[in-house]
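Participant: Just dropping this structure here.
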Amino acid sequence: MATTTLKLDNKELTLPVITGSEGEKAIDIRNLRQESGYITYDDGYGNTGACLSNVTFIDGEAGILRYRGYPIEQLAEQSSFIEVAYLIIYGELPTNVQRSRFSALLTEHAPLREGVIRFIQGFPRDSHPMALLSSSFNALGAYYPHLVSNTLNIDGAHFDEGAAIAISKVRTIAAHSYRVSRGGRLNYPNPDLGYCENFLHLMFSEPYRDYVAKPEVAAALNLFLLLHADHEQNCSTSTVRMVASAGANLFASVSSGVNALWGPLHGGANMAVIDMLKHIHADGDDGTRFIQAAKTGKGDRLMGFGHRVYKHYDPRAAIIKKSFYKALASLGIKDDPLLNIAMKLEEVALSDDYFVSRKLYPNVDFYSGLIMRAIGIPENMFTVMFAIGRMPGWVAHWHEVASTPKLKIHRPRQIYMGPAKRDFVPVNKRR
Ligand code: ACO
């Protein structure tokens, strides 16, 4: 086993080195505290490998994203969201038989129980759809006691059922939340439609007027979901893993992931892009003034540019950009003012030294918000769309934790910086 040496207080410690399957190196510090009294400090875990995982590989410097070893470019070109969901959850691409069985399970679990529908209908019309999604997911546990008991058979039919419920019902709950917010009649899932077409039907069909999705629009939605299916240890996925480590069931763990995603620093960036474009438009600017202000560091940042991990380009942005124009053309969108501003921002930023030297390229959110808007998804549902896409990743990471032979509860340490020991003073003697 490879090792490295760390010198602390004149004492040499030998620490094991772990090498990942793509050559990533990590120092195993699990015994550091016992051996030296030291812990490590890494606020926000930016340099901490919190787990060993088999799901997704990212190399931010090289712009690489792979699900279970398959490059995202190949999956986007040749696969579908549902096939990729299967791959992410089970580790291998499905055979024809496995694919049919998975689709049949998704169809079976698409409708919601009457109780869950009443629960959703009980929410105020102006509820945020993320509040509704996370609460409904937690509530699902009440309807499947055999899936939330401690005797859960995670590798058998129970896991298959739980995973299918999560992937299928997230779409139905999301669409129902939209219908409730509009005070409209709920649509029931149509078993003859594919995953994305069915979602669009659930959202937009009206009495006596079925919504029939254009193939380009369904394809753009499929691609959006596929590109968001997993992204290793991001905030919501780490949350799901943390909750799962306590032995919590799939629905409770995923519901926590939805709440983490709700935060504007995580799932809200595509919404922020649209807000920025609207702002620029309302100011009568074509984007030039906004960019100048962003460069001073005093104005707002250019939303949809830059990424914490990708420092060359975001491979998802490169892929989504290609389908972007097709989807817009099929919807007849050519001369949208926000789109024109977005294209101007992209053109200027890609050739401006400020952005180029700082490696600030468009990220997936720069385009995805515009696609969602073109499809007719309201802005407050953008994060919900992200949650639908991320569900396979959450399920797979929950399973990785839940199937660990000796489940170990996650419990980071801290460096206490509060007051040192002091004695209690009764209230009448306090100054
Ligand atoms: N617009 C203008 N300047 C920027 C931007 C931006 N979008 N992003 C970074 N910078 C500048 C910073 O001001 C800083 O400049 P300086 O070196 O002169 O001080 C430099 O670039 C580095 O900035 P950091 O904040 O250190 O970059 P980091 O990699 O930590 O941040 C982040 C990444 C948070 C994504 C940032 O680029 C940003 O805020 N982007 C806009 C928001 C956004 O699009 N978020 C979505 C991310 S994708 C996703 O979550 C799916």
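The values are calculated or read from the model by the stated rules, or taken from the named source; none is laboratory data. Treat the numbers as computed from the prediction; the structure is a model and nothing was measured. Because the Cβ atoms are built from the backbone with ideal geometry, glycine has one as well, and the counts that use them run over all protein chains shown. Surface areas here come from the heavy atoms of the whole protein model, side chains and all, with no ligands, DNA or RNA. Shrake-Rupley method; radii C 1.70, N 1.55, O 1.52, S 1.80 Å.
Participant: With touching a residue at least 24 places away in the same chain (Cβ under 8 Å) and closer than 22 Å to HIS266 by Cα as the only criterion, which of LEU407, LEU370, LEU345, LEU338 stands out? Can you show your working first?
Facilitator: Details: LEU407 fails: closer than 22 Å to HIS266 by Cα; LEU345 fails: closer than 22 Å to HIS266 by Cα; LEU338 fails: closer than 22 Å to HIS266 by Cα.
Answer to the selection: LEU370.
Participant: Looking at (1) over 29 Å from GLU61 (Cβ atoms); (2) outside any helix (DSSP H, G or I), find the lone condition where PRO264 falls short.
Facilitator: Here PRO264 clears every test but (1).
Participant: Which residues, taken from the range 262-303, are among the hydroxyl-bearing types (Ser, Thr, Tyr) and more than 14 Å from the ligand (Cβ to nearest atom)? Break it down stepwise before answering.
Facilitator: Step one: filter the range 262-303 for residues among the hydroxyl-bearing types (Ser, Thr, Tyr), giving 288, 296.
Across the range 262-303, the qualifying residue is only THR288.
Participant: Out of (1) within 23 Å of ALA220 (Cα to Cα); (2) in contact with a Pro (Cβ under 8 Å, 6 or more places away or on another chain), the odd one out for LYS322 is which?
Facilitator: (2)
Participant: Please give the number of the condition PHE224 fails out of (1) within 16 Å of the ligand (Cβ to nearest atom); (2) assigned by TED's automatic domain parsing to the domain that holds SER177; (3) more than 26 Å from TYR70 (Cβ to Cβ).
Facilitator: Tallying (1) within 16 Å of the ligand (Cβ to nearest atom); (2) assigned by TED's automatic domain parsing to the domain that holds SER177; (3) more than 26 Å from TYR70 (Cβ to Cβ), PHE224 fails exactly one: (3).
Participant: For SER238, all conditions in the list (1) away from the ligand (no atom under 13 Å from the Cβ); (2) within 17 Å of VAL384 (Cβ to Cβ) hold save one; what is the number of the exception?
Facilitator: If we test SER238 against (1) away from the ligand (no atom under 13 Å from the Cβ); (2) within 17 Å of VAL384 (Cβ to Cβ), just (2) comes out false.
Participant: Does ALA420 count as part of a loop (DSSP other than H, G, I, E, B), over 29 Å from MET203 (Cβ atoms) and of a type in the set (A, V, I, L, M)? Give the steps one after another, and end with the answer.
Facilitator: Working: part of a loop (DSSP other than H, G, I, E, B): yes; over 29 Å from MET203 (Cβ atoms): yes; of a type in the set (A, V, I, L, M): yes.
It is true that ALA420 is part of a loop (DSSP other than H, G, I, E, B), over 29 Å from MET203 (Cβ atoms) and of a type in the set (A, V, I, L, M).
Participant: Something else: Filter the range 357-378 down to the residues that are more than 16 Å from the chain's Cα centre (by Cα) and within 11 Å of the ligand (Cβ to nearest atom), then identify the one that is least open to solvent (accessible area, probe 1.4 Å).
Facilitator: PRO362
Participant: Pairs under 6 Å by beta carbon, first residue under 20 Å from LEU250 (Cβ atoms) in the range 160-189, partner of a type in the set (S, T, N, Q) and open to solvent by less than 20 Å² (accessible area, probe 1.4 Å), six or more apart or different chains?
Facilitator: ILE173/SER136
Residue-wise test of (1) at pLDDT below 95; (2) open to solvent by 50 Å² or more (accessible area, probe 1.4 Å); (3) closer than 22 Å to ALA229 by Cα; (4) polar (S, T, N, Q).
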position: LEU15; (1), (2), (3), (4): no, no, no, no
position: GLU22; (1), (2), (3), (4): no, yes, yes, no
position: ILE29; (1), (2), (3), (4): no, yes, no, no
position: VAL55; (1), (2), (3), (4): no, no, yes, no
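Participant: Search the range 283-309 for residues that are among the β-branched types (Val, Ile, Thr) and pair each with any residue that is outside any loop (DSSP other than H, G, I, E, B) and within 6 Å of the ligand (Cβ to nearest atom) when their beta-carbon atoms are under 9 Å apart and the residues are at least 6 apart or on different chains.
Facilitator: Sorted first by the residue in the range 283-309, then by its partner, the list stays empty.
Participant: Also: Looking only at the range 320-329, decide whether some residue is touching a residue at least 24 places away in the same chain (Cβ under 8 Å), surrounded by fewer than 21 Cβ atoms within 10 Å (Cβ to Cβ) and among the β-branched types (Val, Ile, Thr).
Facilitator: no
Participant: I would also like to ask the following. Between TYR38, TYR90, TYR67, which is surrounded by fewer than 17 Cβ atoms within 10 Å (Cβ to Cβ) and in contact with a helix residue (DSSP H, G or I) (Cβ under 9 Å, 6 or more places away or on another chain)? Steps first, please.
Facilitator: Details: TYR90 fails: surrounded by fewer than 17 Cβ atoms within 10 Å (Cβ to Cβ); TYR67 fails: surrounded by fewer than 17 Cβ atoms within 10 Å (Cβ to Cβ).
Result: TYR38 is the single residue among TYR38, TYR90, TYR67 that is surrounded by fewer than 17 Cβ atoms within 10 Å (Cβ to Cβ) and in contact with a helix residue (DSSP H, G or I) (Cβ under 9 Å, 6 or more places away or on another chain).
Participant: Could you pull out the residue among MET381, MET385, MET343 that is away from the ligand (no atom under 15 Å from the Cβ), assigned to a helix (DSSP H, G or I) and open to solvent by less than 20 Å² (accessible area, probe 1.4 Å)?
Facilitator: Values: MET385 fails: away from the ligand (no atom under 15 Å from the Cβ); MET343 fails: open to solvent by less than 20 Å² (accessible area, probe 1.4 Å).
After ruling out the rest, the residue left standing is MET381.
Participant: One residue is enough: does the range 254-261 have a residue meeting the conditions within 14 Å of the ligand (Cβ to nearest atom) and assigned to a helix (DSSP H, G or I)? If you could, list the steps in order and put the result at the bottom.
Facilitator: First pass over the range 254-261, keeping only residues within 14 Å of the ligand (Cβ to nearest atom): 260-261.
Filter once more, so that each one left must be assigned to a helix (DSSP H, G or I): 260-261.
Looking for residues that are within 14 Å of the ligand (Cβ to nearest atom) and assigned to a helix (DSSP H, G or I), one finds at least one in the range 254-261, hence yes.
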